[in-house]
Structures are given as structure tokens and as C-alpha cells.
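One structure is given below, encoded as C-alpha cells.
The values are calculated or read from the model by the stated rules, or taken from the named source; none is laboratory data. Keep in mind that what you see is a predicted model, and the values were worked out from it rather than measured. Cβ sites come from the backbone with ideal geometry, for glycine too, and all protein chains shown count toward neighbours. Remember, those area values only see protein heavy atoms, side chains included, never the ligands or the DNA or RNA. Shrake-Rupley method; radii C 1.70, N 1.55, O 1.52, S 1.80 Å.
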Amino acid sequence: MNAETKSISLEYDLPHAPAKVWRALTETELLAKWVMANDMQPTVGHSFTFRMEPTQWWDGIVNCEVLEVQPNKRISYTWRGGPANSQIDTVVTFTLAPTPSGGTHLTLEHTGFLPANKFAYDGAGQGWQYMLGTRLNEVLADL
């Protein structure tokens with residue numbers, strides 16, 4: 001990793017088993033409920049996109065490719081997109097570990113933000129906190 005890049009690192013203890021959390025991270029319909037519409041498949045090498053309504057700052061498209069899959073344990077994919085003047089080329093990794101109570105310790109690492117990507121870095125940090133801290137919990141509660 002380039003010493004000049006920044007990373008977002010978040011950890012959550014969830015009261016749901018790793019298999020349930022894994023579903024929310026990898027099933028297209030569930031992932032769409034807490035992140036964005038997508039055509040994700042948890043298969044190494046699969047290219048997919050996240051999509052949402054464009055804004056004045058962003059076209060609403062994230063291009064991804066699955067890099068690693070360890071069912072119920074870890075998934076990693078590229079995360080590329082953003083405005084033409086500050087596109088990002090980063091990697092998102094989710095790691096799941098069972099907790100003694102039967103829940104899941106979930107870690108998110110979003111790495112590779114260059115200094116020029118400060119706006120995207122700040123926005124992604126806030127976005128992941130909201131998506132993981134609120135929206136993911138809502139999806140898991142409904143499963």
C-alpha cells in the first residue's frame with residue numbers, strides 16, 4: 001500500500017450469525033437494500049456495478065471486480081468511480097469473525113484513497129458509517 005494513501009477502517013459487533021451477515025454482503029437484493037442497486041455475484045473475477053441516481057458531484061456508478069471470496073469470512077472487491085476530476089480506484093474488504101455470543105464481528109477496510117481524493121474519502125467514511133451502522137442493521141433485522 002502506498003504510504004500516501006488513506007484508508008477507512010470500521011468495526012461493528014452484530015448480534016447476527018456470520019452466515020446471515022454474509023447473505024447481506026453478497027446477495028444482490030439484500031445488498032441493494034443497504035448499499036445500492038447492483039449485479040454482484042460473490043465469484044472471484046466477477047465484474048459488477050453499484051448504481052444510484054446521479055448527483056451534481058457524481059454519476060452514480062461504481063465499477064467493481066471481486067478479488068477474494070472466503071464464504072462467511074471475507075469478501076474483497078475493487079471500488080472505482082467518482083467525478084472525472086477526482087476518480088477513485090480503491091478496494092473494499094469485509095471480514096467476518098464469529099463472536100462468543102453467536103454474533104459477528106464485522107470489519108470494513110476501504111483502502112487506496114489518494115490525497116487528491118479527499119472529498120471522496122470524507123464522503124465514503126460518512127457513507128459507510130451510515131450504511132453499516134444503520135441500514136445494514138435494518139436489513140439484518142428483517143432477515
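Less than 26 Å apart at the alpha-carbon level, and either on another chain or at least 8 residues along: which lysines does that give for Lys6? Correct list for Lys6: Lys73, Lys118.
Once the 1.4 Å probe is applied to the protein heavy atoms, the chain comes out at 53 Å² accessible per residue.
On the beta carbon distance between Gln87 and His46, with R0 = 25 Å, the FRET formula returns roughly 0.70.
Each Cα pair under 8 Å and six or more residues apart adds its separation to the average, and for segment 1-53 the resulting relative contact order is 20 percent.
Using a simple spin-label model with pseudo-atoms 7 Å out from Cα toward Cβ, Gln129 and Glu29 lie 3.3 nm apart. Would you please classify the overall shape of segment 92-143 from the alpha carbon gyration tensor, given that a ≥ b ≥ c denote the square roots of the eigenvalues, rounded means a/c under 1.5, and beyond that prolate means a/b larger than b/c while oblate covers the rest? It comes out oblate by the Cα gyration axes.
Note down the relative contact order for segment 1-115 as a percent, whole number, built from C-alpha pairs under 8 angstrom at least six residues apart. About 31 percent, as a whole number.
So what is the calculated 222 nm ellipticity per residue for the chain, using -39500 (n - 2.57) for each DSSP H run with n of 4 or more, over all residues, to the nearest 500 deg cm²/dmol? Don't jump to the answer; show the numbers that get you there.
Details: 4 runs with 36 residues, N = 143.
Calculated mean residue ellipticity at 222 nm is -7000 deg cm²/dmol.
Share of the chain's accessible area from carbon and sulfur, percent, 1.4 Å? Carbon plus sulfur share of accessible area: 53 percent. Of Pro42, Pro98, Pro115, which has the largest mean-square fluctuation in a 10 Å C-alpha GNM of the chain? Among Pro42, Pro98, Pro115, the largest mean-square fluctuation in the Gaussian network model of the chain belongs to Pro115.
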